[in-house]
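The values are calculated or read from the model by the stated rules, or taken from the named source; none is laboratory data. Here the structure is a predicted model, which means the values were calculated and not measured. For neighbour counting, all protein chains shown are included, and Cβ atoms are generated from backbone atoms with ideal geometry for every residue, glycine included. Ligands, DNA and RNA are excluded from the accessible area calculation, which covers all protein heavy atoms including side chains. Shrake-Rupley method; radii C 1.70, N 1.55, O 1.52, S 1.80 Å.
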Amino acid sequence: MTTKLDALQQWVDEVAALTQPKAVQWCSGSDAEYDQLVEMMLADGTLTKLNDDSYPNCYLHLSDPSDVARVEHLTYVCTSDQEDAGPNNNWMAPDEGHNKVDALFKGAMRGRTMYVIPYCMGPIDSPFSRCGVEITDSAYVVANMKMMTRMGSAALERIEREGSFVKGLHSVGDLDPERRLIMHFPEELSIKSIGSGYGGNALLGKKCHALRIASYQARTEGWLAEHMLIVGVESPAGEVHYIACALPSACGKTNLAMLIPPPSQPGWKIWTLGDDIAWLHLDASGQLRAINPESGYFGVVPGTNAKTNKNAFEMITRDAIYTNVARTEDNEPWWEDKKVGTPAIDWQGRKYDPATGPAAHPNSRFTVAATNNPSYSELAEAAEGVPISAIVFGGRRKELAPLVYESRDWKHGVLVGAGVASETTAANVGEVGVVRRDPMAMKPFCGYNFADYWAHWLSFADRSDKLPKIFHVNWFRQDENGKFLWPGFGENLRVLRWIIDRCEGRVDAVETPIGYLPAAGGIDTNDLDISDAALKALTSIDNTQWKAEMASIGEYIESYGERLPDALREEQQRVARELDKVS
Ligand code: GTP
Ligand code: SPV
Ligand code: MN
């Protein structure tokens, strides 16, 4: 397969001339092609077959131990004007960026096959979808892209019809972290990534295209590309509300997107539209609608068990690729908190020894097609997307942030999003557990200056009077002994119900300076084992702590300087004044 689109053929030829592969293979996305690649990877040791009786069609990949997560410190946005990338991104001038990374790409694919992967982010027939082509020398990337995107012939046809596509060039290079760079050129709609074979660094359709490049495009085209799950919540009466929720990496999106209602909530149903990325558009009536650009999940494995996430636990017993988990004697995959089985071989392929750390890497992942999910919504295929009733932001915070609160209006909601902070996790290389600002859960993913991004968010209020309400959640409050105050997982449905009731004007709330909190009895606690003290802590705020927090949010947004929209600054000052009034 080659292409009739000259621009594409020319680019492929240029890349081949630079990287010197031994062969070029155009990917069709067929099952036969996938099977062939798997056979090849089993033969060369890239994959190991897992127990075929209990985990049919499941494979394990162990990545280089230095290559187990995203690398924000090596990720750059290369715009002509540094201010356009903003203080939230590492920046290099486009020329310098190309020179640096092209030097690494020179001859990088010698002796390897170069795969050309046309893909479509979003339903193949949706006007909101966007296409790209990833060139890679990793068969593991091709296999993952097959599940994560609509890849192959249909995507190529659309690209040839439209004539435009995002160019993504990837090579695992020599996996030396010193020679690793993840470069974005939003003005050219292109990405160059070298030196990593892992997740968001290598599956370029995901964070690089569907968030960094797409957020940049979305700003000029009037839509939003967000780090959000999309979930449908159906009441026993059959009323369905769709919620889009942004939580930072490894803070609960996949789990919330496919939660199983607990026995205390009979008749409720959950439908998964997406677990990581949402593209949001206003329709002609002013209704915000969402599509999920992805078609699979690249999810955190540790913590997944029959109790926390039964849907995921079952969905990954077949047709899955595991990355960096441990294995049992029976060759079943194993991870911390799986609750069954015993690890024999750790994620580095060594005999498991508890003294050398966890058996599975804390950022070990599964890749599966979304259609494996028992709660998969057919509407994930709908070209027009689903109407969004509520937007939810959240973070992982031991202290301070209540279980849930509602912003007063859109402008306040944008401030709530801009002020999100969360403890860092293993999804990025670096220290874990440090609280940092992660506005809209987009700190690692916004392809342009956050000040311009907040202005873009604010501008939606001028375009629609039907915007969703904006909320904030925190599943991760702890008591003084480090125990979670809220049971989380399936029980989070109780919070989603409160959110929906607020959207429908069916439940009262308590007004506070930071927004509306649940009134006593507002959150259904039927059958829930939770103390009054815990519930009180979860549904109230400490004014003194919040004053300090609001001051810190003020300092943070001011650090964006001149481009900071006045409306956001004024909103922060308004909330700070309200806090001053109470204490
Ligand atoms: P990315 O794929 O990195 O974007 O992560 P994510 O936001 O999808 O997070 P995910 O749902 O995979 O959860 C990450 C970790 O948090 C897992 O170990 C989960 O078990 C844990 N977790 C998820 N939801 C909850 C919750 O409600 N309460 C608690 N205590 N832990 C949770
Ligand atoms: C995240 O880190 O937010 C992920 C995993 O979803 S990765 O694809 O590696 O970015
Ligand atoms: Mn993510």
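List of remarks:
- Equivalent-ellipsoid semi-axes for the chain (Cα gyration tensor, √(5λ), whole Å, largest first): 37, 28, 23.
- Tilt relative to the chain, helix 94-105 - C-alpha long axis, 0 to 90 degrees, to 10: 50 degrees
- Accessible surface of the chain [probe 1.4 Å, protein heavy atoms]: carbon and sulfur percent: 48 percent
- Stretched out straight at 0.36 nm per residue, the stretch from GLU39 to ALA17 would grow longer than its current Cα-Cα span by 5.1 nm.
- Close amide H partners of GLY394, meaning residues 5 or more places away or on another chain with modelled amide H under 5 Å apart, are ALA246, VAL473.
- For TYR76, the residues whose amide H sits under 5 Å from its own are ILE182, MET183, HIS184, ignoring neighbours fewer than 5 places away on the same chain, with H placed 1.01 Å from N.
- Among the trypsin sites (Lys or Arg not before Pro) found in region 282-329, those both in a DSSP coil and sparsely packed, with 15 or fewer other Cβ atoms within 10 Å of their Cβ, are LYS307, ARG318.
- Share antiparallel - DSSP beta bridges, the chain, percent rounded to 5: 65 percent
- Region 235-272 and region 192-207: distance between their alpha carbon centers, rounded to Å: 29 Å
- Phi to ³J(HN,Hα) by Karplus 6.51 cos²θ - 1.76 cosθ + 1.60 over region 28-39, Hz, x for Gly, Pro: 8, x, 6, 4, 4, 5, 4, 4, 5, 5, 4, 3
- Euclidean distance between Cα centres, region 116-130 to region 397-467, Å: 27 Å
- Ratio of Rg to Rh over region 291-393 (Cα coordinates, Kirkwood Rh, two decimals): 1.07
- Cα-based shape type of region 351-445, given that a ≥ b ≥ c are square roots of the gyration tensor eigenvalues and the cut on a/c is 1.5: oblate
- Taking 0.36 nm per residue of separation and subtracting the Cα-Cα distance, full extension of the segment from ARG161 to ASP64 would add 31.0 nm.
- Computed from backbone phi, the HN-Hα couplings of region 374-381 come to x, 9, 4, 8, 4, 5, 5, 9 Hz, rounded to whole numbers (Karplus: 6.51 cos²θ - 1.76 cosθ + 1.60, θ = phi - 60°; Gly and Pro given as x).
- Backbone phi angles across region 308-325, fed through the Karplus curve with coefficients 6.51, -1.76 and 1.60 (θ = phi - 60°), yield HN-Hα couplings of 6, 8, 5, 4, 5, 4, 7, 4, 9, 8, 8, 6, 10, 9, 9, 10, 6, 9 Hz in residue order; Gly and Pro are listed as x.
- Debye-sum result for region 1-113 in log10 I(q)/I(0), which assumes one identical scatterer on each alpha carbon, at q = 0.12 Å⁻¹: -0.74
- Extended-chain gain in nm, criterion 0.36 nm per residue less alpha-carbon gap, ARG506 and GLU384: 41.1 nm
- Taking Cα centre as origin and charging only the Cβ of basic (Lys, Arg, +1) and acidic (Asp, Glu, -1) residues, the dipole magnitude of region 153-289 rounds to 160 debye.
- Dipole magnitude of region 476-583, debye to nearest 20 (Cβ charges: Lys/Arg +1, Asp/Glu -1, about Cα centre): 60 debye
- Helix content alone sets the calculated 222 nm mean residue ellipticity of the chain: runs of n ≥ 4 DSSP H residues at -39500 (n - 2.57) each, divided across all residues, give -8000 deg cm²/dmol.
- Computed from the C-beta positions of SER153 and ASP52, the FRET efficiency with R₀ = 35 Å rounds to 0.75.
- Set LYS339/LYS443; LYS253/LYS338; LYS253/LYS547; LYS106/LYS167; LYS206/LYS466 screened for pairs whose C-alpha atoms are more than 27 Å apart: LYS339/LYS443; LYS253/LYS547; LYS206/LYS466
- Charging the Cβ of each Asp and Glu at -1 and of each Lys and Arg at +1, and nothing else, the dipole of the chain about its Cα centre rounds to 340 debye.
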